[in-house]
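Comments concern the structure below.
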Amino acid sequence: MESWRERYRKHMRSRRWREICQRELRRAGDRCEECGEREGLEVHHLTYVNLGDERPGELRVLCEGCHWQLHRERREERRRQRVRAQHKKATKRRRKKLKNLGYRIAQPKTPTKRKRQLAGANEALHARLVRNREHRERHAEEIRKEIERDEVLRAWLASERERRDRAG
């Protein structure tokens, strides 16, 4: 029985694959679908589910640089997933060990519950900030009115003094 890798290599060397590549290049207008480059174009599988019988939408035309960048990003994402899985497994082992030693382990809150708590706290904080801002604006308006009254009063007093000085 042929392994997947052997099937892949055989397909990539086949005449059918060359025809599929030509069809995809024409569809993309002989340009990289990421950056528009015309040189060094390659056809990239988005999925290998139908290897040898690729369907429309399962392939993309990319230049060599974009193709390698895509593979670097996917490799990095797989690495991050492995690290997360290892961390989760180690955490589970530590929790089990502590539990066996008699410690009571608090279950972590579910992310959605935590998000709801944060959302509620954020809404309350926002409402408080809005109330404070409205209060400051009202207070500032009251102070402006007091200043205007004081200025009117000062102007009136000044005019009264001038009138008295002229009369006296």
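Taking 8 Å as the Cα distance limit and 6 or more residues as the minimum spacing, I'd like the relative contact order of the chain as a percentage.
About 12 percent, as a whole number.
Check the chain and count each lysine pair with an alpha-carbon distance under 25 angstrom, considering only pairs eight or more places apart or from different chains.
Qualifying lysine pairs in the chain: 19.
Counting Lys +1, Arg +1, Asp -1, Glu -1, what net charge surrounds residue 134 among other residues with beta carbon under 14 Å of its beta carbon?
The answer is +2.
Once both axes come from the Cα atoms, what is the angle between helix 15-27 and the longest principal axis of the chain, in degrees from 0 to 90, rounded to 10?
Roughly 30 degrees, rounded to the nearest 10.
Quick one: which of 50-58, 92-100 comes out on top by average Cβ neighbours within 10 Å, and what's the full order, highest first?
50-58, 92-100
Please give the contour-minus-distance gain from residue 44 to residue 23: 0.36 nm per residue of separation, less the Cα-Cα distance, rounded to one decimal in nm.
Taking 0.36 nm per residue and subtracting the Cα distance, the gain is 6.3 nm.
Kirkwood hydrodynamic radius of region 4-73 from all distinct Cα pairs, in Å? Can you show the working numbers first?
Values: mean 1/r = 0.0803 Å⁻¹.
Roughly 12.5 Å, rounded to one decimal.
Pick out which of 65, 120, 29 has the largest mean-square fluctuation in a Gaussian network model of the chain, springs linking Cα atoms closer than 10 Å.
So, out of 65, 120, 29, the one fluctuating most is 120.
Output ³J(HN,Hα) for region 160-165: one whole-Hz value per residue in order, computed from phi by the Karplus curve 6.51 cos²θ - 1.76 cosθ + 1.60 with θ = phi - 60°, and x for Gly and Pro.
With the stated coefficients, region 160-165 comes to 5, 4, 4, 4, 5, 4 Hz.
Suppose only helical runs count, i.e. DSSP H with n ≥ 4. What mean residue ellipticity at 222 nm does that imply for the chain under -39500 (n - 2.57) per run, divided by all residues and rounded to the nearest 500 deg cm²/dmol? Could you put the intermediate results ahead of the total?
Numbers: 4 runs with 116 residues, N = 168.
-25000 deg cm²/dmol, from helical runs alone.
Each value in this text was obtained by applying a stated rule to the coordinates, not by laboratory testing. The structure displayed is predicted, hence computed values, not measured ones. When we count neighbours, we look across all protein chains shown, and the Cβ atoms used for this are built from the backbone with ideal geometry, even at glycine.
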